[in-house]
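Written below as structure tokens is the structure these notes are about.
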Amino acid sequence: MIVLRKRPAPSPLWRWLAPLLALALAVAAGALLFALMGHDPLQSLYVYFIEPLTSAWSLSELVVKATPLVLIGVGLAICYRANVWNIGAEGQLIAGAIAGSAIPVLLPGWNDPTALIAMLLLGALGGAAWAAVPAFLKTRFNANEILTSLMLVYVAGLLLDWLVRGPWRDPGGFNFPKTVSFEGWHVMPVLTGRVHIGAVLAVLAVLALWFVMARGRAGFAVRTVGAAPRAAMFGGFSEARVVWGVFLLSGALAGLAGIAEVAGSIGQLQPSISPGYGFTAIIVAFLGRLSPPAVLFAGLLLALTYLGGEAAQLALNISDKVAQAFQGLLLFFILAADTLVHYRITFRHRLSAGEGA
Amino acid sequence: MKGFKLLAAALALAVSATLAQAEKLKVGFIYVGPVGDHGWSYQHDQGRQAIEKALGGKVSTSYLEKVPEGPDVERALERLVRAGHKLIFATSFGYMDSVIKVAKKYPDVKFEHATGYKRAANVATYSSRFYEGRYIIGQIAAKMSKKGMAGYIASFPIPEVVRGINAFLLGARSVNPDFKIKVVWVNTWFDPGKEADAAKVLIAQGADIITQHTDSTAPMQVAAEKGVYAFGQASDMIKFGPRTQLTAIIDDWAPYYVSRAKAVLDGGWKSTDTWGGLKSGMVVMAPYTNMPDDVKKMAEQTEAAIRDGKLHPFAGPIHDQAGKLRVKEGEVLSDKELLGMNWYVKGVDDKLPK
């Protein structure tokens, strides 16, 4: 039988090589997949990974797609560092989008730069408020945050659904489920193409959290609580405060991503505003080794798999499921490589007496 | 000399071949579901294939499937434009504002948006009068149901779906004035699991006829398993319930798609608003199966009457749920009112979200 034994000290070199190896293996498996489907693997890989990087348009689209993934992913990375499992970023994204949209929907007359700032703040607050629920349940009742945060995703989705079909429906929209279109300062200013200032916010968030995690006392508390909760307790760090902190932070960033999507890429609130960014960002966080600067690149890479999947559909007539299969392969290899960095596989032929189940 | 002639001929051939290639009209599609849903997106893809078949050498087509309504639509549309597509069909209601945005950026590309209401010089809209078919299946349901109750699996409370529920009940009550329907909202266009659950719940509550305004074949399969009748939606689902399907309301987009592609080729394309029904062949009824001859005959007569304009499913008098008279005797509901329908006719046992 196979037994996993924890390595006393994981090799620091392999900790950083592992994701690259995982990526290489995923690409190799992808090539095999393309070949089995009867496509030239090299051409397919080119269409998938290189072609989207060759035109200014698709580069800007890459940034648009990566913006929410990075914003959410960097928050989740900090959260997971502290051993707090916020799986509900998708719901926090929706809550933020709703909160921020309150201004264009309820106060359409307030349309100047301060309105946009207020929208972004409300978005972050909405996401944080949604994340506060699992934080409260965990610190107060020790409820499993994986379940509570995940379940709140569906609550947020239904709340959004109800709003855009009911009270927030565009009165001039023939009863169709959407709010009024956002205009003027209710829309994120555009930098180039469809890239809006949300991209700048994402980079700022990465830099700020990089600094805090490396230098700040809060970053140290997060790492200690995550790695050794007992030691953290003796060291005077409150676990509850860390749980609250990382939940509010990751929720606020997810909420910001939500309002940035609605006020940036979509331009109105509608029943579906995210193709699962909150869940994909979990892959982003892990691919980025839970480290802020690496999350930036992981976000761009995941965005590339989406764009490449679309390009492959058109150029090679490959089903969109291939893109999903590829993301799955990537996550599989990352988790496998990660496990092997931390654990050693040993084979044993038989159980010794007393160890049988 | 001979060699030179050959070379020249070969060159000329190559040039004309590339010219022909360059002149090929590229037609693009984006679908909200997978092409294999055997419902909504499947039917649109049948239309795409019909273009290829009809206009073979003059066009080439491609599609992007499972494009979710949301931030990805604009990119998908723009990707098609940048790949050289000059005619683009966007086949879901939620694509509307993205279509308008991208169309503004590329005035030389023609866009066709299904079921929407926003148009521009290079954006046409089209939809079909599914409700005509709903009226017919309502009548069939009232004849075939032993319990006098049908289960209705509905997607989203938008006018198109509300209209369908109303037409179904009006048809049913024209046969049996006490007929009832139960509605379950699944809030999705395509989710076989949810749709199957809804069908099970409705059957457990006593419905012995299932009809759906969602896109998968799951409800048909559940109905087949439980031994009740059902109606196919968007495409002919007889394969999934050979002894279950009574008929299906088929969306046949092929003639429209072919004519629009032809119009672009001829240079005669204009932004139009098309709402076709049984008469124009955009709505087609699948063969009437698994029913006695008299029911079949009634259905065929109703179909013919609607096609000939002798029968309008929304002819007065029609009362709403509160009992208020909405359509007077001798009048029919206008297209404008039909497009924005947000009230139930009398007898629908459900409340619309306000």
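Read-outs: derived from the displayed coordinates by stated rules, not from any lab. Quick caveat: nothing in here was measured; it's all calculated off a predicted structure. Here the Cβ is made from the backbone with ideal geometry for all residues, glycine too, and neighbour counts use every protein chain on show.
Worth pointing out:
- Trypsin sites (Lys or Arg not before Pro) within region B:153-252: DSSP coil, no more than 16 neighbouring Cβ in 10 Å: B:Arg243
- Taking chain A as a Gaussian network of alpha-carbon nodes connected by springs under 10 Å, the highest mean-square fluctuation of the residues A:Ala66, A:Ala95, A:Ala311 belongs to A:Ala311.
- For the residue pairs B:Lys296/B:Lys328; B:Lys24/B:Lys110; B:Lys143/B:Lys182; B:Lys146/B:Lys296, the alpha carbons lie more than 21 Å apart in B:Lys296/B:Lys328.
- Remark: relative contact order (region A:92-174) = 32 percent; criterion is Cα-Cα distance under 8 angstrom and separation of 6 or more residues.
- The value for region B:259-349 of Rg(Cα) / (2.2 N^0.38 Å) is 1.46.
- Shielding by partners - mean other protein chain Cβ count within 10 Å, residues of A:91-104: 0
- Helices assigned as whole DSSP H runs in chain B whose Cα atoms extend at least 30 Å along their own long axis and whose mean Kyte-Doolittle hydropathy is 1.0 or higher are found at B:2-23.
- For region A:40-317, the extents of the C-alpha atoms along the principal axes are 59, 52, 32 Å, listed from largest to smallest.
- Within chain A, longest stretch free of exposed trypsin sites (Lys or Arg not before Pro) [DSSP loop, at most 13 other beta carbons within 10 Å]: A:1-347
- Residue-averaged 222 nm ellipticity for the protein assembly as shown, from DSSP H runs of 4+ at -39500 (n - 2.57), nearest 500: -18000 deg cm²/dmol
- For the protein assembly as shown, diffusion coefficient by Stokes-Einstein and Kirkwood Rh (Cα), 10 °C, 1.306 mPa s, µm²/s: 57
- Distance histogram in 10 Å bins (all Cα pairs of region B:106-181, percent per bin): 19, 37, 21, 14, 8, 2
- Relative pair counts by distance (%), Cα atoms of chain B, 10 Å bins: 5, 24, 30, 22, 11, 4, 2, 1, 0, 0
- Most positive-pole-ward Cα, B:Ile181, B:Gly138, B:Val32, against dipole of the protein assembly as shown from beta carbon charges: B:Val32
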